[in-house]
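Please read the structure below before turning to the comments.
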Amino acid sequence: MRALVYRGPKDVAVEDVPDARIERPTDALVKVTATNICGSDLHMYEGRTDVEQGKVLGHENMGQVIEVGSAVDKVKVGDWVVLPFNIGCGFCKNCESGHTGFCLTANPGSAGAAYGYADMGPYAGGQAELLRVPWADWNALVLPEDAEDKQLDYVMLSDILPTGWHGTELAAVRPGDSVVVYGAGPVGLMAALSAQVKGADQVFVVDHQPDRLALAAKLGATPVDDSEGDGVDQVLEATRGEGADKGVEAVGYQAHDAAGEETPGLTINSLIAAVRPTGRIGVVGVFVPEDPNASTDLAKKGQFAFDFGTFFFKGQAMGTGQANVKQYNRALRNLIHAGKVHPGQIVSQELNLDQAVEGYKNFDDRLDGWTKVVLHP
Ligand SMILES: [Zn+2]
Ligand SMILES: [Zn+2]
């Protein structure tokens, strides 16, 4: 089969690799019809992880089931399915308690597994013609009859919509809250959308990329351009000096200031300043325990100066970690089916698999208008 393979920093290629296949009776085999390039793929692309050469990338996948193992009961050949980026077993302590992003079975010795991702187990990604889905009855969410027509919406259930939603859950967003989201990338935009579904009063989205801020405005949020003055000051001014009730971090450890300098703690410390006393902050941008190619000794260990004094003094709380996609994807699927949310509206490019290399390059270069890339293998 054809697949997008990691070969080294800024070096990916579409190659022939052995076909994905059923390996265990609980597996399903999916013909991938839509698979996204994610901002978190760029950490690998840029050589900022220890992902192995030859890995097939792609963790945001949907498609049609073409074969099931002998122990698969629910999922049938022909079903359209979307796969949570995290792979869970369904029976470990964490899966049982709903923390499917931290499965103890799928990636032994660690907590959490995913398709095509550094340190997340041996699983190949879905930027390929075929995808092996382990524990298929547990992991595959079956889609309704409009699956093919609404692929651009449903494929967002694999990661960015539940991840944005998770940010607002960690921040405990309630009706009438004001919310500040750092980052107008796909996850930040989905957090802004989620906050509005939950009845937020006003949602600020801070970034310095004009095309992304325009999308935030299109989704009904208030764009805050931090290249035109400090983002924190702008949020404080718009909230009578109080700060927003809740905050969501959707950037991660490769945060850049408006001048382009990488500053890992920038968004966290800005949120502590921009959220009101006793407010909650949800962190869903990716942070890593080790970053060997970082520019400072502290950052190499995944550390940065955290403004803990202010955080404590303000009595704030913070929730962190990757989204437990299965907690939310069924309900969010229903909202898409009912036409109440349209996450696919942020898609900027649809490419075939052979154009994936160009897709990575342009997305990584933050070319104007490249906000979310969907591949159709
Ligand atoms: Zn992703
Ligand atoms: Zn598990």
(request) Take the solvent-accessible surface of the protein heavy atoms, probe 1.4 Å, and return the percent of it on the range 300-352 that carbon and sulfur atoms account for. (result) 54 percent
(message) Relative contact order of the chain, please, whole-number percent, based on alpha carbon pairs below 8 angstrom and at least 6 residues apart.
(response) 18 percent
(message) Could you compute Rg(Cα) / (2.2 N^0.38 Å) for the range 251-377, with N its residue count?
(response) 1.32
(request) Identify, among Phe313, Ala255, Ala217, the residue whose Cα sits farthest towards the positive end of the charge dipole of the chain, taking +1 on the Cβ of Lys and Arg and -1 on the Cβ of Asp and Glu, with the dipole about the Cα centre. (result) Phe313
(message) Taking θ = phi - 60°, what integer Hz values does the Karplus form 6.51 cos²θ - 1.76 cosθ + 1.60 yield along the range 368-375, in sequence order, with x for Gly and Pro?
(response) 3, x, 9, 9, 8, 9, 10, 9
(message) Give me the one-decimal nm value for the distance between modelled label points at Arg7 and Asn334, 7 Å along each residue's Cα-to-Cβ direction.
(response) 4.7 nm
(request) Give the accessible surface of the range 176-331 per residue, rounded to a whole number of Å², with probe radius 1.4 Å and ligands, DNA and RNA excluded. (result) 43 Å²
(request) Hey, could you get me the Stokes-Einstein D for the range 47-117, Kirkwood radius over alpha-carbon pairs, 4 °C and 1.567 mPa s, rounded to whole µm² s⁻¹? (result) 94 µm²/s
(request) Please state the charge dipole magnitude for the chain, taken about the Cα centre, from unit charges on C-beta atoms (+1 on K and R, -1 on D and E), reported in debye and rounded to the nearest 20. (result) 1120 debye
(message) Please compute, over every Cα-Cα pair in the range 170-328, the percentage with a separation greater than 27 angstrom.
(response) 17 percent
(message) Could you report the accessible area of Ser70 in Å², rounded to 10, computed with a 1.4 Å probe on the protein chains as they sit in the structure?
(response) 110 Å²
(request) Only Lys, Arg, Asp and Glu count, each charged at its Cβ (+1, +1, -1, -1), so figure out the dipole size of the range 108-200 about its Cα centre, rounded to 20 debye. (result) 360 debye
(message) Need one number: nm distance between label points at Ala111 and Glu148, each 7 Å from Cα along Cα→Cβ, rounded to one decimal.
(response) 4.3 nm
(message) Please report the spacing between the Cα centers of the range 33-88 and the range 262-315 in Å, no decimals.
(response) 30 Å
(request) Work out the charge dipole of the chain with +1 on the Cβ of Lys and Arg and -1 on the Cβ of Asp and Glu about the Cα centre, then indicate which of Ser348, Leu271, Ser70 is farthest towards its positive end. (result) Ser70
(message) What number results when the radius of gyration of the range 123-168, computed over Cα atoms, is divided by 2.2 N^0.38 Å?
(response) 1.30
(request) Could you check the simple spin-label distance between Glu23 and Asp364, using points 7 Å along Cα→Cβ, in nm with one decimal? (result) 2.6 nm
(message) Once neighbouring chains are kept in place and the probe is 1.4 Å, which whole percent of the accessible area of the range 67-220 is contributed by carbon and sulfur?
(response) 53 percent
(message) Show me, for the range 309-318, the HN-Hα J-couplings you get by feeding each phi into the Karplus relation (A = 6.51, B = -1.76, C = 1.60, θ = phi - 60°), rounded to Hz, glycine and proline as x.
(response) x, 5, 4, 5, 4, 8, x, 7, 10, 9
(message) Quick check on the range 1-67: take the gyration tensor over C-alpha atoms, sort the square-rooted eigenvalues as a ≥ b ≥ c, and tell me if it's rounded (a/c under 1.5), prolate or oblate.
(response) prolate
(request) Using a 1.4 angstrom probe on heavy atoms only, work out the carbon and sulfur share of the accessible area of the range 229-283 in %. (result) 47 percent
(request) Rounded, prolate or oblate: pick one for the range 92-205, where a ≥ b ≥ c are the square roots of the eigenvalues of its C-alpha gyration tensor, a/c under 1.5 means rounded, and failing that, prolate if a/b is larger than b/c, else oblate. (result) prolate
(message) Can you classify the range 285-343 as rounded, prolate or oblate using the Cα gyration tensor, where a ≥ b ≥ c are the square roots of its eigenvalues, rounded means a/c under 1.5, and otherwise it's prolate if a/b beats b/c and oblate if not?
(response) oblate
(request) Let me have the relative contact order for the range 1-148, percent, based on Cα pairs under 8 Å that are six or more residues apart. (result) 29 percent
(message) As a test of the formula, what do you get for the chain when each DSSP H run with n ≥ 4 contributes -39,500 (n - 2.57) and the sum is divided by the residue count, at 222 nm and rounded to the nearest 500 deg cm²/dmol?
(response) -7000 deg cm²/dmol
(request) Go through 256-264, 57-65, 348-356 and give me the packing order, highest mean Cβ count within 10 Å leading. (result) 57-65, 348-356, 256-264
(message) Run through the range 292-377 and list the chymotrypsin sites (Phe, Trp or Tyr not before Pro) located in a DSSP loop whose Cβ has at most 14 other Cβ atoms within 10 Å.
(response) Phe306
(request) Calculate the radius of gyration of the Cα atoms of the chain to one decimal place, then report Dmax, the largest Cα-Cα distance, as a whole number, both in Å. (result) 19.8, 62
(message) So, R0 is 56 Å and r is the distance between the beta-carbons of Phe308 and Glu15; what FRET efficiency does that work out to, to 0.05?
(response) 0.75
(request) Please work out the Cα center distance from the range 112-135 to the range 8-28, rounded to the nearest Å. (result) 8 Å
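The values are calculated or read from the model by the stated rules, or taken from the named source; none is laboratory data. Just so it is clear, the structure is predicted and the values come from calculations on it, not from any experiment. Note that we place each Cβ from the backbone using ideal geometry, even for glycine, and neighbour counts take in every protein chain shown. Each accessible area value is taken on the protein alone, full model and side chains, heavy atoms only, with ligands, DNA and RNA left out. Shrake-Rupley method; radii C 1.70, N 1.55, O 1.52, S 1.80 Å.
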